[in-house]
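Read the structure below first, then the notes.
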Amino acid sequence: MTTPRLQGRHALLTGAGGGIGLAVARAYLAEGARCTITDIAAQPGAEVAALMAEHDGRLAYLGADVRDTAATAGWVAAAAQRFGPVDVLFNNAAVFDLAPLLDATVDSYERLFDVNVKGMFFTMQAVLRQMVEAGRSGSVINLASQAGRRGEALVSHYCATKAAVISYTQSAALAMAPHRIRVNAISPGVIDTPMWAQVDALFARYEGLQPGEKKVAVGKAVPLGYMGRPQDIAGAAVFLASDDSGYITAQTLNVDGGSVMS
């Protein structure tokens with residue numbers, strides 16, 4: 001019988017109340033990990049609660065707002081107190097917005113950078129500090145986006161935040177290499193999650209489209225011909241968390257059906 005690839009490891013996942021984060025949590029649990037899920041809600045939603053009941057004793061939930069950097073060390077420590085030091089971080093919490101460049105607002109800028117960059121970085125820093133202090137190797141996986149690979153006329157703030165995720169991933173990987181801690185990122189393409197209702201509505205507003213029209217168009221534009229599923233990201237997240245990727249660091253893995261070539 002093959003040993004599960006994450007047996008005995010503690011994975012911390014941010015923004016994992018649904019969508020990609022929850023799909024990755026399911027995959028990590030299936031590979032033997034203990035998981036701490038965080039999201040902004042104080043209490044877990046129905047899907048998370050059901051998963052907790054299914055994996056009694058191996059899954060915990062913490063309400064955490066990654067924008068509140070003063071609290072970050074506390075909830076990272078709380079996760080470690082329950083399941084031991086963090087071995088894997090899936091750094092997923094993010095928000096989205098778009099607007100024409102000349103209409104982009106300070107409020108939108110601050111909201112996106114607070115979550116997608118500041119929250120991402122200081123969560124990563126807190127977990128890396130714990131790994132170093134514990135003298136443990138580990139794996140950090142930051143969620144980037146194909147939007148971080150190029151600019152888009154309507155999506156300037158979001159693209160810039162995800163480009164920052166890729167850059168911070170590279171810098172952190174070099175800083176942590178002497179500690180045998182690997183830092184990589186995943187760059188999803190268009191993934192069919194509940195967030196796409198918001199994305200589609202915004203594109204409909206600014207591009208004069210009918211509801212649902214943008215979603216159909218972006219799926220057809222993918223070389224493989226369809227939008228990805230959260231489970232498609234989960235496979236890559238298991239690989240980067242496991243020893244199968246033990247000689248990989250400072251990389252951003254495109255999981256996008258061929259939309260970006262690198």
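The values are calculated or read from the model by the stated rules, or taken from the named source; none is laboratory data. Keep in mind the model is a prediction, meaning the values are calculated, not measured. Note that each Cβ is placed from the backbone with ideal geometry, even for glycine, and that neighbours are counted across all protein chains shown.
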Expected single match for under 30 Å from R136 (Cα atoms) and either exposed (fewer than 13 other Cβ atoms within 10 Å of the Cβ) or in contact with a Leu (Cβ under 8 Å, 6 or more places away or on another chain) (or both) among A173, A197, A250, A177 is A250
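Give me the strands (runs of 3 or more DSSP E) completely within the range 1-75, filtered to those with at least 2 residues that are modelled with pLDDT under 95 and on the phi < 0 side of the Ramachandran plot, ordered by residue number.
none
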Take the residues of the range 221-240 that are closer than 22 Å to Y158 by Cβ and not small (G, A, S): which is surrounded by the fewest Cβ atoms within 10 Å (Cβ to Cβ)? R229
Taking the range 26-48 as the search range and keeping residues that are surrounded by fewer than 18 Cβ atoms within 10 Å (Cβ to Cβ), of a type in the set (A, V, I, L, M, F, W, C) and in contact (Cβ under 8 Å) with a residue 12 or more places away in the chain, which one is nearest to A94 (Cα to Cα)? I40
Candidates D243, D256, filtered to the one that is surrounded by fewer than 20 Cβ atoms within 10 Å (Cβ to Cβ), in contact (Cβ under 8 Å) with a residue 12 or more places away in the chain and under 20 Å from the mean Cα position of the chain (by Cα): D243
Out of L12, L89, L22, L6, report the one residue that is surrounded by 14 or more Cβ atoms within 10 Å (Cβ to Cβ), over 14 Å from the mean Cα position of the chain (by Cα) and in contact (Cβ under 8 Å) with a residue 40 or more places away in the chain. L6
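Report whether or not Q170 is touching a Ser or Thr at 6+ places or on another chain (Cβ under 7 Å) and of a type outside the set (A, V, I, L, M).
Against the criterion (touching a Ser or Thr at 6+ places or on another chain (Cβ under 7 Å) and of a type outside the set (A, V, I, L, M)), Q170 does not qualify.
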Inside the range 19-51, can you point out the residues that are farther than 25 Å from T69 by Cβ and of a type in the set (A, V, I, L, M, F, W, C)? A23, A27, L29, A30, A33, A46, A49, A50, L51
